[in-house]
1. When the Kirkwood hydrodynamic radius is evaluated over all pairs of different C-alpha atoms of the stretch 1-156, what value in angstrom, to one decimal, is obtained?
2. State, as an integer percentage, the relative contact order of the stretch 2-173 based on alpha-carbon contacts under 8 Å between residues 6 or more apart.
3. Using every alpha carbon pair in the stretch 69-159, what percent of pairs falls into each 5 Å bin from 0 up to the bin containing the largest distance?
4. What angle, in degrees between 0 and 90 and rounded to the nearest 10, separates the Cα long axis of helix 112-133 from the longest principal axis of the Cα atoms of the chain?
5. So if we plug the beta-carbon distance of residue 60 and residue 152 into 1/(1 + (r/R0)^6) with R0 = 25 Å, what FRET efficiency do we get, rounded to 0.05?
6. What is the set of long-range amide H partners of residue 90 at a cut-off below 5 Å, with H atoms built 1.01 Å from backbone N?
7. Through the Karplus equation 6.51 cos²θ - 1.76 cosθ + 1.60, θ set to phi - 60°, convert the phi angles of the stretch 91-108 into ³J(HN,Hα) values in whole Hz; use x for Gly and Pro.
8. Past the 32 Å Cα-Cα mark, which pairs from 31/110; 31/160; 5/112; 31/59; 31/67; 35/93?
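Just so it is clear, none of the values below were taken in a lab; they were calculated from the coordinates. Worth saying up front: this structure is predicted, and the values here are computed from it rather than measured. Virtual Cβ from ideal backbone geometry, glycine too; neighbours counted across all protein chains shown.
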Amino acid sequence: MPILKTIANTLTISRFIIGFIIASIGNIQRKLGLKNAILWLILAWITDVLDGYLARTSKMPEDFIGKHDIYADMTVSAGVLYFLTISNFISWKFTLIFVITAVFLIWYLKEKAVTDGIQAVPYALIIYTSLKYDPSYGYLIIAYLLFLIFITWPRFPKEKVPEFINGIRNIFKK
């Protein structure tokens, strides 16, 4: 079903754009943009779930965009990190150290589990920030993540968790 694959690819590409939108919110609105950044982040996460589902449902072979989906995810994570930094929720020093460390770990370890872990840091920081400065949006993020685990439950414990754990094991085997 080529149409499903096209929609999946469009959603993946939209996530690249959303990463830049989140970063731009920091440039334009600074701290006042927290709510908007969170809403765009949730939208990015929704596109991530949908593109994977549609790509699998299409039963078409993985293409260039599908193989590089992780870069869209990393763009969103980087957009969140930039937003938090430019809005002075976190320090430039932390961001610089984090980015240098992340680039080194990705380059040296070359394991998907590393990129998953690196993405989690800005997401954890925005959850913490939202709970501190606008708890209703912090709870919205948590509610979405719990909903996501619920709707992906058969796949989450059987595929995602073991995939991450095996990736971590592979790191220690090197």
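1. Evaluated over the stretch 1-156, this radius sits at 16.2 Å.
2. 26 percent
3. 3, 12, 19, 23, 20, 14, 8, 2, 0
4. With both axes taken from Cα atoms, the answer is about 40 degrees.
5. Numbers: r = 21 Å, r/R0 = 0.84.
Calculated value: 0.75.
6. 85
7. Result, rounded to whole Hz: 7, 4, 4, 4, 4, 4, 4, 4, 5, 4, 5, 4, 4, 4, 5, 5, 5, 6.
8. Working: 31/110 35 Å; 31/160 34 Å; 5/112 23 Å; 31/59 43 Å; 31/67 35 Å; 35/93 24 Å.
With Cα atoms farther than 32 Å apart: 31/110; 31/160; 31/59; 31/67.
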